[in-house]
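Chemist: One structure coming up, written as C-alpha cells, with questions to follow.
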Amino acid sequence: MNLKYRKTIIAGNWKMNKTLTETKAFAEAIKPNLGRHKWCEVVLCVPGVNIAGAVKAFKDTRVSIGGETCHYEASGAYTGEVTAEMLKDVGAKYVIIGHSERRQYYNETDFTVNKKVKAALEAGLKPIVCVGESLEQRELGVTEELISYQVKTALSGLNENQVRRVVIAYEPIWAIGTGKTATAGQAGEVCTHIRSIIRKQFGARVARAVTIQYGGSMNAKNARELLAQPDIDGGLIGGASLKPDDFVAIINAANQ
Ligand code: 13P
C-alpha cells in the first residue's frame, strides 16, 4: 500500500451469490463494525439484479456498490445484458471488467475488455480490470509477457485522466477459489510489474496514482502480509467477502 499517492480499496466480488434478503442481512451484520475503516475504500460488487437493493441496504455507510460486468454498447438488441449506464443509474460506482470467469465461460477477450473499460468510464463508473495468468502460463514462464499484453490492451486508447480512474486487479487464475494464495512476494512482484507497464505508457505520475489490487484466496489471515507489499493497494475478494466477520477482518487489515 502507499497511502500517500493512491487509494487502498478492499472490494468484495460476490459472483453469483446472495439473494437480496441475504444482502440486507449481510449489511446489518457488518454495519456495526465498519466505523474504523479510515484509509481504505470498501466496495461490494454484487449481482446486477441486487445493485439497487444493495445501495439502499448500505446507505449511510462508506461501502460503495459495484456491478460484476457490463456490456460495451450503450443500448441495443443484446438479450440479457446490462449497460454501464444502467449500473450507474441504480447507484453503482464500480464495475468489475474481464474477470477470469467471464473470460472462461462467456468468451470475453482482451479486445472486449478494452471496449467495456471505455464504456464504464464513459458512464462515470470506475472499472476494476482483472488480469492474471493460468498455472500453465506461470509454469511456462510467460506471466510477465501475458500481464503486459492484458494491461496494455485493456488500457489502449485511454487518456491519462481516464487511466487514473481505473483499478487493476491482479488475479492469478490458479489462486481463485482454490485456497492456494500467491505468496506475498509473487503477488507483489506482478503488481510492481503492472505499475511499471502503466509508467511506461502513461508516465510516473499516473502510474503511482493507480490502485492495483491482488485477488485469489485472499482471506483474514493472509491479507495483512499481502497488503504490506508496496504495490498491492487492496484486494478483490471472492469467498471471504461472503462472510461478514472475514470481510471486516480484511478491511481492518488494510487499516493497520
Ligand atoms: P476467491 O477469493 O474466492 O479466491 O475469489 C477471488 C476472485 O475471483 C475475486 O474476483
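Please treat every number below as a calculation from the coordinates, not as lab data. Note that the coordinates shown come from a computational prediction; the quantities given were computed from them, not determined experimentally. Cβ: placed from backbone, ideal geometry, glycine included. Neighbour counts: every protein chain shown.
Chemist: Around A74, under 13 Å between beta carbons, what's the net of Lys plus Arg minus Asp minus Glu among the other residues?
Modeler: -1
Chemist: Follow-up. Let me know the volume per residue of the alpha-carbon convex hull for the stretch 114-211, in Å³. Each step should come with its number before you reach the end.
Modeler: On the way: hull volume 9.7 nm³, N = 98.
Taking only Cα atoms, the stretch 114-211 has a hull volume of 99 Å³ per residue.
Chemist: For the chain, calculate the relative contact order in percent as a whole number, restricting contacts to Cα pairs under 8 Å that are 6 or more residues apart.
Modeler: Worked out over the chain, it gives 23 percent.
Chemist: Can you return the lysines within cross-link range of K88? Criterion is Cα-Cα under 19 Å, with same-chain partners fewer than 8 residues away left out.
Modeler: K88 reaches K15, K56, K59, K115, K116, K118, K126.
Chemist: Using a cut-off of 11 Å between beta-carbons, work out the net charge of the residues near S217 (Lys and Arg +1, Asp and Glu -1, S217 not included).
Modeler: Values: positive: K180, K221; negative: E171.
Neighbourhood net charge equals +1.
Chemist: Also, I was wondering about something else. According to a simple spin-label model (label point 7 Å from Cα along Cα-to-Cβ), what is the distance in nm between A74 and E160?
Modeler: 2.8 nm
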